[in-house]
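What follows is one structure encoded as structure tokens, with my remarks underneath.
Every read-out reported here was derived from the displayed coordinates using simple, explicitly stated rules and does not represent laboratory data. Predicted, not measured: the structure shown is a model, and the values here were computed from it. Cβ coordinates were reconstructed from backbone atoms using ideal geometry, including for glycine residues, and neighbour counts include every protein chain displayed.
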Amino acid sequence: MKQNIIILSPAHPLRGGIASSSERLAIALQQAGDEVEIISFSLQYPGFLFPGKTQYTDDPAPEGLKIHTLINSVNPFNWLKTGLRLKSMQPDLIIVRFWMPFMGPALGTILRLAKSNGKTKVIALADNIIPHEKRPGDYLLTKYFCGSVDSFLVMSKSVGEDVWKFTTEKPVVFSPHPIYDNYGALVDRQTALQHLGLDTAYRYLLFFGFIRDYKGLDLLLEAMADDSLEHLPIRLIVAGEYYGNQEKYESLIAKLGLSQKLILHNSFIPHEEVKYFFGAADLVVQPYKTATQSGITQLAYHFEVPMLVTNVGGLPEIVADGEMGYVVEPDSREVAKAILDFYDNNRYLTFLDGVRQNKKRFDWERMVEKIKGLFFGRAPS
């Protein structure tokens, strides 16, 4: 049965993983026969909450999607206008992305008004409930948001446990983050190295994505300086924009004497360039100190690159230790030990096979099925 669905989420021309995955979800729902529109933000963050250079992308808009730029996150009059517009549209379902408490007042108000039509159901697709970087008032803002939705779809079990701290009455269903298959086809190592201007004499590790303290780049830098790795012909590619504390990392790189072992691309990586960074890498390293789930693992699955992740949040749910990579404690020595094992014992082909076998678990149709189950009130499978 076809539904009319609204997705409340950042979307083009806003950039980032949430925008990209919401656009991909809209395509999956359209392929399932639904009518889908995305309601995005005219103002997503005020400047003090956004440490990057820009919130916008120069990439072309995704084809075949209706994206409306409407929501102002700090203007209550806008919330009323948007909520009443959604009420009058009478969608069958609103899927709302929630990733930080700051969005609670805007989204919670909009959803309460939209649902007052007596028809629309709301499913929260929760990236985070409790943020990595906490601020005063987080609990109350999240509580207000949680009161406006009917059910929750979470992409890690740890987020599901966090939901129960705010409500014990609403359904919570787990569906792992699907693969990012909207970043182009795989490219071979030779093509990737040539495109990036990298020396074929070295093997490459990849740290990819926005650089924030909780992502543990400092642990990986310390691991790269470990004496046990000195004999390996390896280099670390750091591809992503600093989100604060740039001086901290630059000072650490200088202190550890790592400048010759790093390839730094410290700006936002355009959509069409992503495939080359993954194509060049033997191993994607995510040395996170805290986590829920991560879209980077799903990029690695799509581009078929083994992974090294830390034993935090939902990362071990996605990467099985010894099958498609490593799960280690968030400690630089443990990270270095895994890197050493990977190269000294030639684990690449074994892990590559594991990645290829397991990527089938993360298709978009499964998430669509979970959404339909919540909408129709079916028991989760």
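Averaged across orientations, what area in nm² does the convex hull of the alpha carbons in region 205-307 project? It would help to have the intermediate numbers written out before the result.
Working: hull surface 25.7 nm².
Averaged projected hull area, Cα only: 6.4 nm².
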³J(HN,Hα), Karplus 6.51/-1.76/1.60, whole Hz, each residue of region 328-333, x for Gly, Pro = 10, 6, x, 9, 4, 5
Net dipole in debye of the chain [+1 Lys, Arg Cβ; -1 Asp, Glu Cβ; about Cα centre; nearest 20] = 1580
task = Mind putting a number on the dipole of region 189-361 about its Cα centre? Charges go on the C-beta only, +1 for Lys and Arg and -1 for Asp and Glu, and I need it in Debye to the nearest 20.
result = 420
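Given the convex hull over the Cα atoms of region 1-127, what projected area results after averaging over all orientations, in nm²? If you can, show how the numbers build up before the last one.
Details: hull surface 30.1 nm².
Taking the Cα atoms of region 1-127, their convex hull projects to 7.5 nm² on average.
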note = For region 189-361 the mean separation of alpha carbon contacts under 8 Å (6+ apart) over residue count, i.e. relative contact order in percent, is 25
request  = For region 63-73, just list the computed ³J(HN,Hα) in residue order, Karplus coefficients 6.51, -1.76 and 1.60, θ = phi - 60°, integers in Hz, with x standing in for Gly and Pro.
outcome  = 6, x, 10, 9, 10, 10, 8, 10, 7, 9, 5
inquiry  = Considering all alpha-carbon pairs of the chain, what whole percent are spaced by more than 29 angstrom?
reply    = 42
ask   = Once the dipole of the chain is set up with Lys and Arg at +1 and Asp and Glu at -1 on Cβ about the Cα centre, which of Leu219, Pro76, Pro178 lies farthest towards its positive end?
value = Pro76
task = Name the residue farthest towards the positive end of the dipole of region 189-361 from the options Tyr348, Leu232, Val328, assuming +1 on Cβ of Lys and Arg, -1 on Cβ of Asp and Glu, about the Cα centre.
result = Tyr348
Shape category assigned to region 102-182 from the gyration tensor of Cα positions, a/c cut at 1.5 = oblate
remark   = Taking the convex hull of the alpha-carbon atoms of region 189-361 and averaging its shadow over every direction gives an area in square nanometres of 9.1
request  = Could I have the simple spin-label model distance between Leu258 and Leu352, label points 7 Å from Cα toward Cβ, reported in nm to one decimal?
outcome  = 2.7
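So what is the relative contact order for region 64-184, in percent, with contacts set as C-alpha pairs under 8 Å and at least six apart?
Answer for region 64-184 is 22 percent.
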request  = Extending each Cα 7 Å along its Cβ direction at Leu186 and Glu250, get the distance between those two points in nm, one decimal.
outcome  = 3.8
request  = Could you list, in their original order, any pairs among Lys2/Lys119; Lys87/Lys121; Lys81/Lys165; Lys81/Lys372; Lys248/Lys289 whose Cα atoms are separated by more than 19 Å?
outcome  = Lys81/Lys165; Lys81/Lys372
request  = Over the chain, calculate the relative contact order: mean separation of alpha carbon pairs under 8 Å at least 6 apart, over the residue count, as a percent.
outcome  = 14
request  = Per DSSP H run of at least 4 residues, take -39500 (n - 2.57); add these up for the chain, divide by its residues and hand me the 222 nm value, nearest 500 deg cm²/dmol.
outcome  = -11000 deg cm²/dmol
message = Considering only C-alpha atoms, what is the centroid distance from region 127-146 to region 29-48, in Å?
response = 21
ask   = Rounded, prolate or oblate: which one fits region 169-262, using the alpha carbon gyration tensor with axes a ≥ b ≥ c (rounded when a/c is under 1.5, else prolate when a/b beats b/c, else oblate)?
value = oblate
For region 317-343 and region 172-189, distance of Cα centres in Å = 21
HN-Hα J in Hz across region 79-96 - Karplus 6.51, -1.76, 1.60, θ = phi - 60°, x for Gly and Pro = 4, 5, 4, 5, x, 5, 5, 5, 4, 6, 5, 6, x, 5, 9, 10, 9, 10
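Where a ≥ b ≥ c are the square roots of the eigenvalues of the C-alpha gyration tensor, would you call region 112-156 rounded, which needs a/c under 1.5, or, failing that, prolate if a/b is larger than b/c, or oblate?
Working: a/c = 4.17, a/b = 1.63, b/c = 2.55.
Because a/c hits 1.5 or more and a/b fails to exceed b/c, region 112-156 counts as oblate.
Only Lys, Arg, Asp and Glu count, each charged at its Cβ (+1, +1, -1, -1), so figure out the dipole size of region 91-224 about its Cα centre, rounded to 20 debye. Could you put the intermediate results ahead of the total?
On the way: 15 positive and 14 negative charges, 110 e Å.
Using Cβ point charges on Lys, Arg, Asp and Glu, region 91-224 gives about 520 debye.
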